[in-house]
Amino acid sequence: MSQQQEQHVHGVAGLKKHDIKVSGIVFMLYCLVAAGAFGIEEMIPEAGPGMTILLLCIFPFIWALPISSLVAECSSVMPSEGGVYVWVKEAFGEFWGFQTGWWATVSTYITNGVYVALVSGYVSQMIPMSTLADQILKIGMITIFTIVNLLGLREVGTVSTVLSLLIVAAFLLVAIVGFANWQTNPVEPFMPEDYTIIDGLGGGICICIWMYCGYECISNMAGEVKNPQVIPRGLKIAMPLVALTYVLPTLGGLASLPAGSWELWSTKGGFSGDHVGYATILTENLGHAWGYMFLVVAIISQCAIFNTYLASGSRGFFVLADDHLCPQFLVKVSKNRGVPYVGILSLAVVTFILCQSDFTTLVSMEVVFMLALYIILPISVIKLRKRLPIEERAKKNLYWIKGGSGVLIYFCGLPIIIAIIALLVNGTDYLVWGLVALCTGPIAYIIFKKAFGGLSVNDPEGNPTNGFGLARGDTVRMGVFAMCAGAMAFFGKFWLHWYEIDWGEWGPDDYDTLGDIIPQVLNILMWAGLAAIILGIILFFVGKKADPIPPAKELDVEEVLNKYLNEEKTETFFD
């Protein structure tokens, strides 16, 4: 057996496994998903105080609980580095696995700079900074947490725990002070005057989804956890902790401020100008020093998010490279610490570059990446249920979603429906740039598969190729991709025209990037969508005859567990 094949048998290249406790998983999850309630301030004037509280209370049950349960079920049976990428790959093959890994990783590379830029903005409110000082601050923050990540996952967990405890304590204080100074009805008005239910949902649902995103990111590091069954346990604790951190301070804060002040809530609240926010509750009732203290908490919050996403995001291209779907230098790990240092350093460099930039277009692309991931994850769980029966999992005492087919439909169906709704109500610029970004996935797959060989390098019999050097059945898979993207573009044109122009009466100022040319963009969207649908149909039916998808092989639970629990290699790529 060759060295490459030996490495493939033993798992993901050279990662060191750590004895991470449930508490470590909980607080890493808390940082990945929340790190405080920052962001909800923008939701209150957009949706109304009543609608905001309602959505914050409902979304744990219709979004966070389903997503975290799906992640827990897959993490239990396939505790692999790469998480969702691996699950989708096992369910639907190399092409769809790559798309998922591409979406998750690129979105992290895009948005990590936001957290650094926010820290810079918060610090500048306390200490006026020159351009040079601002750059030094950004470099310092990136350097500190890059070093933490290079030390290993245990150190990331330790830092996450410390920062999370400070954040939770601060928001607990906001909740206590807010309830102690209750003076007004926190849910009045339910929505802004003249709002319909569609307006209220449109103003809040996208922010709410954002606030409850990130549970799947912990699975990217599962291959470095000695006992991966702590991940499902950690998810059970983290989900209600996040929800309580959102609901209680927001409810108490709204109740403690004068009637009508809900319109003034902003992420700058309590820090500058005439805005209000969580810091205002402490400032008004305990003194101005507490407002500065909360500004420090806001800085800590962004540092905590950056720290954990640097860990999660740096594993994305690493696992793709380990499957020969990315350049091989990305699979290198440090000899002493066993961490993917190339991925960590590359993400740090990209973060510094992007934190200087305008994020509007990039974030528009990232939103669609994440929503696409939340659509394919539930579908993969259903597929894996067929290949890895629950009865076999029960014999190994693995976690799975209880309650039969009805509960499974609920947990899988709701995220798909909510993600599609969010795609349609975000706006034309988000849908257009998002679809453009999605199309980079198949292009990148073709390039990397042709250049590096993909899964067939290590297992040519189990992963046969077609006449184009792609995986067998990729013609059909690309046809399905084109039809889905085309349908979203084609039908999205008619929905968005009604939602934004006919009914919504949006103007150019309501858009982030495309406001002046929306009618033309919608027409292009329609015709491009129709062309993609036709291309997809051709690829699908040609592929069915000339390049059919091979029959799925039966999977054995014990073999799958052995495969993913033994990912520490004996022979590795060291620097």
Candidate set from the range 149-203 (those that are within 19 Å of L310 (Cβ to Cβ) and charged (D, E, K, R)); member that is surrounded by the most Cβ atoms within 10 Å (Cβ to Cβ)
E155
Heads up, the helices (runs of 4 or more DSSP H) in the range 276-355 (entirely inside) with at least 1 residues that are farther than 26 Å from M28 by Cα are 278-286, 288-313
Kindly indicate whether S405 is hydroxyl-bearing (S, T, Y) and within 21 Å of Y309 (Cβ to Cβ).
no
Just wondering, is there one or more residues in the range 94-103 that are touching a strand residue (DSSP E or B) at 6+ places or on another chain (Cβ under 9 Å), of a type in the set (F, W, Y), surrounded by 16 or more Cβ atoms within 10 Å (Cβ to Cβ) and over 25 Å from I44 (Cα atoms)?
yes
Would you mind finding the one in K544, K493 that is among the basic types (K, R), more than 29 Å from D194 (Cβ to Cβ) and touching a helix residue (DSSP H, G or I) at 6+ places or on another chain (Cβ under 8 Å)?
K544
W262 - would you say it is hydrophobic (A, V, I, L, M, F, W, C), crowded, with 22+ Cβ neighbours inside 10 Å and assigned to a helix (DSSP H, G or I)?
yes
Within the range 277-294, restricting to residues that are surrounded by 18 or more Cβ atoms within 10 Å (Cβ to Cβ) and touching a residue at least 24 places away in the same chain (Cβ under 8 Å), the one that is farthest from T111 (Cα to Cα) is E284
Any residue that is surrounded by fewer than 17 Cβ atoms within 10 Å (Cβ to Cβ), of a type outside the set (G, A, S) and farther than 28 Å from M365 by Cα - is there at least one of those in the range 524-543?
yes
R393 fails exactly one of (1) under 30 Å from D510 (Cα atoms); (2) in a helix (DSSP H, G or I), namely (1)
Return the total of residues in the range 390-413 being exposed (fewer than 15 other Cβ atoms within 10 Å of the Cβ) and closer than 27 Å to F98 by Cβ.
1
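Just so you know, all these numbers are worked out from the coordinates, no wet-lab data involved. No experiment lies behind these values; they were computed from the predicted model shown. When we count neighbours, we look across all protein chains shown, and the Cβ atoms used for this are built from the backbone with ideal geometry, even at glycine.
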